[in-house]
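Here's the structure, in structure tokens; my notes come after.
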Amino acid sequence: MLDERKTAILRAVVEEYIATASPVGSTHIANAQGVKVSSATVRNEMAVLEQEGYLAQPHTSAGRIPTDRGYRFFVDHMVAPGQLDSEASQQVGAFFDTAHGRLEELLHQTTNLLAHVTHHAAVVVGPRGETAVVRSVQVVGLGGRAATVVAVLSNGTVENEQIELQGEMSEVRLSAVSAHLQAHLPGRTLDSGRDVPATGDVELDNVCSIAIQSLATSAADEPVFVGGAASMARAFDAVDTVRSVLHTLEQQYVLVSLVRDVLSRGLSVAIGAEHGVAPLVSCSVIVKPVFVDGEQVGTVGVLGPTRMDYPQAMATVEVVSDRLGRRLSDGGSN
């Protein structure tokens, strides 16, 4: 554990580097609030903090910058549960007070909201459709042997899957498929929908089976929405770093695994190499589960450079997680 003076100096370095992205010198820190000692004393303390792994000196004549260990100490010991500033609080409140429409649109817009307020990339993982109940279902022919099956679920999700038929079917026959599914699927989950009774018509039963299987497979996936990639591009000077980060943001399965792994380790903030995703080693991630009636139904998070404004980002993720959970509890699409 650091003593009071080293803690104050580390805090001042972290906060100044977050604000300026420039190495921090001892003269500036000597005048910082809570420090008030000579530049020589600050230099000595900064040298000790560097030896202990909390600070680094990128160039011999330059000031210091925080390391991942320095940020971790800052987050664990210096960041109190923050309050959103009034402007951000108004933006979040206004969004959820007026949000409506399908679940996918709500989650997509929530991602944009997070990215806009924090100026970082945002990730929202929504609830799987496999646990939701079917409200309505329809099969529509696309011509030839192709058709689309559309199901509206109780969580606001609209599952839309194209299927291939074994042969061409008339609209009348496809309407019969829709009628049978509509008679037996509503009120069931898509997984239990595999047990709908047969019609006795082999062709119709085959299409029903294909439609239900296609929907159930699709609903098992977690919907993932990513926004704010442009903010990440502006956060780094090195072109290679930008390219690596943006490429990783395009890989949704990596982001879902990252979010799930961070939460499984009991963390809400993973800094630099802590999250284990090598292309994002220059980034930190802040995540928070979304709960409805005590059950986790999704996750919200932001991903930014390790020099992100942790208090503001953590407060934003906390508030958005809470508001999204309450919105989904009310019936996300109502």
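Points to keep in mind about this one:
- Per residue, the chain reaches -15000 deg cm²/dmol at 222 nm when only DSSP H runs of four or more residues are counted, each adding -39500 (n - 2.57).
- Our coupling estimate for the stretch 221-232, obtained by passing each phi through the Karplus curve with A = 6.51, B = -1.76, C = 1.60 and θ = phi - 60°, is 7, 8, x, 10, 10, 10, x, x, 4, 4, 5, 5 Hz, Gly and Pro reported as x.
- Cα long-axis angle, helix 68-77 against the chain (0 to 90 degrees, to the nearest 10): 90
- Among LYS6, LYS288, LYS36, the ranking by other beta carbons within 10 Å of each residue's beta carbon, starting with the fewest, stands as LYS36, LYS6, LYS288.
- Part-to-part distance (alpha-carbon centres) for the stretch 1-67 and the stretch 290-334, which is given in Å: 33
- For the chain, the longest principal axis of the C-alpha atoms and the axis of helix 310-329 are separated by about 20°.
- The structure-derived value of Kirkwood radius over Cα pairs in Å appears in the list (1) 20.7; (2) 22.1; (3) 22.6 under the label (3).
- Between helix 39-51 and the chain: long-axis angle, C-alpha atoms, 0 to 90°, nearest 10: 50
- In this simple spin-label approximation, VAL239 and HIS77 carry label points 7 Å from Cα along the Cα→Cβ vector, and these lie 4.1 nm apart.
- For the options LEU324, LEU174, LEU249, a Gaussian network treatment of the chain with springs between C-alpha atoms closer than 10 Å singles out LEU174 as fluctuating the most.
- For a paramagnetic label modelled on ALA21 (point 7 Å from Cα along Cα→Cβ), amide N atoms under 19 Å away belong, within the stretch 71-86, to 71.
Bear in mind that the values in this text are calculations on the coordinates, not laboratory data. The structure presented is a predicted model; accordingly, all values stated were derived computationally and were not measured. Cβ: placed from backbone, ideal geometry, glycine included. Neighbour counts: every protein chain shown.
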